[in-house]
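S.K.: Sharing a structure, written as structure tokens. Questions coming.
Just so it is clear, none of the values below were taken in a lab; they were calculated from the coordinates. Small disclaimer: the values here were computed from a predicted structure and weren't measured. As a convention, Cβ positions derive from the backbone with ideal geometry for all residues, glycine included, and neighbour counts pool all protein chains shown.
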2 protein chains.
Amino acid sequence: MTDRRTVFFISDGTGLTAESLGHSLLSQFEGLAFRQVRIPFVDSPGKVEECIAQIRGARALDGVRPVVISTLVNPEVAARLREADALILDFFATFIAPLEAEFHARSSHAIGKSRKVATSLDYTNRIDAVNFTLAHDDGVSNVDLDQADIILVGVSRSGKTPTSLYLALQFGVRAANFPLIPEDFERKKLPDDLAHHREKLFGLSISPERLHRIREARRPNSTYSSPANCRYEIDAAQRMMTREGIQWLDSSTRSIEELSTAIMQMAKLERPSY
Amino acid sequence: MTDRRTVFFISDGTGLTAESLGHSLLSQFEGLAFRQVRIPFVDSPGKVEECIAQIRGARALDGVRPVVISTLVNPEVAARLREADALILDFFATFIAPLEAEFHARSSHAIGKSRKVATSLDYTNRIDAVNFTLAHDDGVSNVDLDQADIILVGVSRSGKTPTSLYLALQFGVRAANFPLIPEDFERKKLPDDLAHHREKLFGLSISPERLHRIREARRPNSTYSSPANCRYEIDAAQRMMTREGIQWLDSSTRSIEELSTAIMQMAKLERPSY
């Protein structure tokens, strides 16, 4: 017997939604230990039997029945899974009925309908946004900045690149990013390329301790990574952003998802996530 | 009155999980029209009152009551929201009780617990993976390929870059990618740098029509983008991947999420998504 319980996220799609919701639920139970297993693409009788075998194995190993969090659209597959010796939390079965009653309509219960279908337009939007973001990473180009939806600014290694890429991949947002560097602070002026795009500018800041650790890993024992320089740059950048009326967030205390969603909200950009 | 119904995704976090599950549920109702609104970071009495006002506005505009799909952890905020004139599908309220009974434990009902907390380790993993992926995009570098978790191969514009970035951002996977080019097909050999990493290689293919459209947008009327050349390269790449025993997927019929999840599964890489 193990001292933890196994939780399965089972879906006929990627399972990412089931996993994400499952994480939220499990994080409410502090002090309990879980082994979390995502099983995607369970869309046939053969695959559901494999799941049931895995559940049985975990049951025997852990000594307690597993939890299954599922988003299975196909009613036959979902019904077979419910026969497993586990606590089954089935999102579709739970929520589709009240929606059918509300809409006075039957759902199609069609596998694949729930998948994020890669339509040509979706795909093109996201790829275009990723290409734009890569071409405008770290101030590499000031061409076509008027086509940017958002321009992130901040000191080197404050989290601009991953946040820009997340905005592009998740929302199809064209997110450029520009570093704020010591020369900007000495001139006490934003880089000239950015002055015309004030309304698209959002800032990232970071704690001096974290910035020092990140920079130290790249350039050990340099002026660039020194605690004093990190503190100076962050302080100067925050004063510049405040002076220029640029809203900014601290990347030390928020995840990439939270930063991206909060920036979308500040920019009043409404885009569905893919 | 509008001819569609408004659906709100309301969360004290990013709302991305609620939106994702909501998309799956709504896609089951073909022929119905929805306006979908995500409201993130609803974590105070003031913000829940703003939500209720928005729900009231949508009710008046649409002539039917809205649907609210919520992942609110705070019981007071959730209880106030349930007073709105809407169909409320509340994930926490629905699923936390059976988990409490199963675990013989009380949940903490703490706001912020459900957030993907940006721990130093998480952050470092993801950033390192993104940096690795950017440094190994499009065969730009063969240095440190032994540190790659996955190496994607495929013809130019088959979807390698966005899929690699998604793997890095979502799963913290170090995903390099290498183009397969006409010289490789003429030599009938994989690029030399890749031969030592056969077990990490996974392929992407794409339909000739889509590849032609994507390439045509970048280099109109070129040999590179011509239908005949696209067909030749895809055919040659598929034969090479089959010959070399490289598993491959078609990026024309799967979303970036589906490609990434399926590649993780083929590579037997188990990583929680962030």
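S.K.: Which one, B:229, B:251, B:21, projects farthest toward the positive side of the charge dipole computed for chain B from Cβ point charges (K/R +1, D/E -1)?
M.R.: B:229
S.K.: Next up: Put +1 on the Cβ of every Lys and Arg and -1 on every Asp and Glu Cβ in chain A; which of A:7, A:105, A:175 then has its Cα farthest towards the positive end of the dipole?
M.R.: Positive-end residue among those listed: A:7.
S.K.: Separation of the stretch B:212-267 and the stretch A:43-77 by C-alpha centroid, Å?
M.R.: 34
S.K.: Mind checking which of A:132, A:148, A:162 is farthest towards the positive end of the stretch A:120-266's charge dipole, using Cβ charges of +1 (Lys, Arg) and -1 (Asp, Glu) about the Cα centre?
M.R.: Comparing the listed Cα positions along the dipole, A:162 ranks first.
S.K.: Could you state the angle between the C-alpha long axis of helix A:45-62 and the longest principal axis of the C-alpha atoms of chain A, as a value from 0 to 90 degrees rounded to the nearest 10?
M.R.: 80
S.K.: Give me a single rounded figure for A:25-34: the average over its residues of other chain Cβ atoms within 10 Å of their Cβ.
M.R.: The per-residue average across the peptide is 6.
S.K.: Okay, moving on. Using Stokes-Einstein with the Kirkwood hydrodynamic radius over Cα pairs, what translational diffusion coefficient do you get for chain B at 20 °C and a viscosity of 1.002 mPa s, in µm²/s rounded to a whole number?
M.R.: Value of D from the Cα-based Kirkwood radius: 98 µm²/s.
S.K.: From other protein chains only, count the Cβ atoms within 10 Å of every residue's Cβ in B:250-259, then give the mean.
M.R.: Other-chain Cβ atoms within 10 Å of each residue's Cβ, averaged: 6.
S.K.: Top mean-square fluctuation among A:158, A:107, A:70, Gaussian network model of chain A, C-alpha springs under 10 Å?
M.R.: Ranking A:158, A:107, A:70 by mean-square fluctuation puts A:107 first.
S.K.: In a GNM of chain A with a 10 Å cut-off on Cα contacts, which of A:78, A:237, A:97 has the highest mean-square fluctuation?
M.R.: Among A:78, A:237, A:97, the largest GNM mean-square fluctuation belongs to A:97.
S.K.: Give the angle, between 0 and 90 degrees and rounded to the nearest 10, that separates the Cα long axis of helix B:208-218 from the longest principal axis of the Cα atoms of chain B.
M.R.: Relative to chain B, helix B:208-218 is tipped by roughly 90 degrees.
S.K.: Could you give the dipole magnitude of chain A about its Cα centre, charging the beta-carbon of Lys and Arg +1 and that of Asp and Glu -1, in debye to the nearest 20?
M.R.: Using only the charged Cβ atoms, the result is roughly 460 debye.
S.K.: Counting Lys and Arg as +1 and Asp and Glu as -1, each charge on the Cβ, what is the dipole of the protein assembly as shown about the Cα centre in debye, to the nearest 20?
M.R.: Using Cβ point charges on Lys, Arg, Asp and Glu, the protein assembly as shown gives about 0 debye.
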